[in-house]
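Participant: Here you go, one structure.
The values are calculated or read from the model by the stated rules, or taken from the named source; none is laboratory data. Model, not experiment: these values are computed from the prediction. Note that we place each Cβ from the backbone using ideal geometry, even for glycine, and neighbour counts take in every protein chain shown.
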Amino acid sequence: MSYKNPLTYILLLLFTILLVLNLEVDSSQHFVFLARSFISGNLSTTSVPKNVSDFAYFNGKYYWPLGPFPAIILIPFVAVFKNFYQGFISFPLSIINFYFLTKIATVLGLDKKRSILLATFFIFGSIYFPLASLPGSWYFAQTVVCSILILVIYEFLTKKRYLLIGLLLAFAIATRLNLAATAIFFLYFLAKKPFNLGNLLKFLTPIVVCLFLLGIYNQLRFQNPLEQGYRYQIVPQEALQRRNTGLFSIKHLPANLYYMILKGPEPIFKDNSHDLKFPYLTFDSYGLSILFLSPILFLVFWADYKKELIKMSAITSLIILIPIITYYGIGQRQVGYRYALDFFPFIFLLLAGPVKKLNLKYLYLLVFWGVFFSVYFSILYLAKIMV
């Protein structure tokens, strides 16, 4: 980018804000705790924080139920440095993600300016930003898995090395198990003629090995290869009431859909006079609609679903969405509906075509609406100014 282009300086400012916010977060470092446990040969957490919310308590021990891969990548850093935080990984991942998103957009036929703007939306103007900028453990896991999916999609669109794709996807599954559903996207293209059995085996082998190892990991922790620990999580009473309805249930659909699609910001009043006071708007701790944070998402309705890549991206997104919107958790303490990030890299593919045709003036407006509110509400979250 040229030094004469104002977007260059806007991006420098945004990356600076992202870095500062990353360095401000030193709490909820559960994957650091888990990495230390792995180093000492334990699967349970050896150093338990005062707040044990979301830990799984089983047979007198505390376990972190989220997938272990983020802790595995932290092991060498935790082993070397006395004080190491998840944000030290989260920030460089965001730089790498921005680079590969611009590359993906270019492969999909966008010019340089539109590629940069679409990557700017994803990193700074969507639910990605609060997760990457406030890298507590839940958010860090989703940043890691999103980074993996971005690399997987880039590899698929370019060199198509299926062993590497399978290995990366195995890492994603070892972070968030529900992302095993993304295999459907790649299996569809692998099944096309001319069928190549070698590529299929290269793709599936790392995934099968990963699922086998996760089963052993769960068996050693909970005496059940299919139990990740979510049933034993220590959760607030409000969430417990929902979980008693079912870990997954269609009864959770209305709340999940409301927070994902409809929920807007909350006003901050001085008193009963209903006069607004600074900073005027905040949000419910269950987060904001992804459509409010990122109105550019409405462009998916103009995607060309006759194209196989677009059709399969949409189908994969919907398949990933089903367990998310039937899950009891909703994703409390979040800026936006964070579980949607699981399928956002595929949504990125849907947006490329409409963005290519959109007037540049409107594209700037849609992107920077998202940038403003994502950054604004992330700062409010850090300042604990929320309902």
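Participant: For the stretch 226-238, check the following and say yes or no: at least one residue is exposed (fewer than 13 other Cβ atoms within 10 Å of the Cβ) and modelled with pLDDT of 90 or more.
Facilitator: Yes, some residue in the stretch 226-238 is exposed (fewer than 13 other Cβ atoms within 10 Å of the Cβ) and modelled with pLDDT of 90 or more.
Participant: Follow-up question, since we're still on this one. Do you know which residues across the stretch 250-290 are part of a strand (DSSP E or B) and either surrounded by 15 or more Cβ atoms within 10 Å (Cβ to Cβ) or of a type outside the set (A, V, I, L, M) (or both)?
Facilitator: Correct list: Glu266, Pro267, Ile268, Phe269, Lys277, Phe278, Pro279, Tyr280, Leu281, Thr282, Leu288.
Participant: Give me the residue from the stretch 324-345 that is under 12 Å from Tyr128 (Cβ atoms) and among the small types (Gly, Ala, Ser) and, out of that set, surrounded by the fewest Cβ atoms within 10 Å (Cβ to Cβ).
Facilitator: The extreme case among them is Ala340.
Participant: Kindly indicate whether any position in the stretch 315-337 is over 18 Å from the mean Cα position of the chain (by Cα) and either part of a helix (DSSP H, G or I) or at pLDDT 95 or above (or both).
Facilitator: Yes, the conditions are met somewhere in the stretch 315-337.
Participant: Within the stretch 274-286, can one find any residue that is among the polar types (S, T, N, Q) and touching a Ser or Thr at 6+ places or on another chain (Cβ under 9 Å)?
Facilitator: No, every residue in the stretch 274-286 fails to be among the polar types (S, T, N, Q) and touching a Ser or Thr at 6+ places or on another chain (Cβ under 9 Å).
Participant: Against the conditions (1) in a helix (DSSP H, G or I); (2) under 26 Å from Gly215 (Cβ atoms); (3) modelled with pLDDT of 95 or more, where does Phe33 fall short? Just the number, please.
Facilitator: All conditions are met except number (3).
Participant: Can we say Pro68 is closer than 30 Å to Arg114 by Cα and not charged (D, E, K, R)?
Facilitator: no
Participant: So which residues in the stretch 202-214 are without any contact (Cβ under 8 Å) to a residue 60 or more places away in the chain and surrounded by 14 or more Cβ atoms within 10 Å (Cβ to Cβ)?
Facilitator: If the condition is that a residue be without any contact (Cβ under 8 Å) to a residue 60 or more places away in the chain and surrounded by 14 or more Cβ atoms within 10 Å (Cβ to Cβ), then Lys202, Phe203, Leu204, Thr205, Pro206, Ile207, Cys210, Leu211 are the ones that fit.
Participant: Name, by its number, the condition in (1) within 19 Å of the chain's Cα centre (by Cα); (2) assigned to a helix (DSSP H, G or I); (3) surrounded by fewer than 24 Cβ atoms within 10 Å (Cβ to Cβ) that does not hold for Pro65.
Facilitator: (2)
Participant: Output the residue which, of all residues in the stretch 37-62 that are surrounded by fewer than 17 Cβ atoms within 10 Å (Cβ to Cβ) and in a strand (DSSP E or B), is nearest to the chain's Cα centre (by Cα).
Facilitator: Taking the candidates together, the pick is Tyr57.
Participant: Which of the residues belonging to the stretch 258-284 are closer than 26 Å to Ile325 by Cβ and without any contact (Cβ under 8 Å) to a residue 12 or more places away in the chain?
Facilitator: Once the filter is applied, which keeps residues that are closer than 26 Å to Ile325 by Cβ and without any contact (Cβ under 8 Å) to a residue 12 or more places away in the chain, the stretch 258-284 yields only Tyr258.
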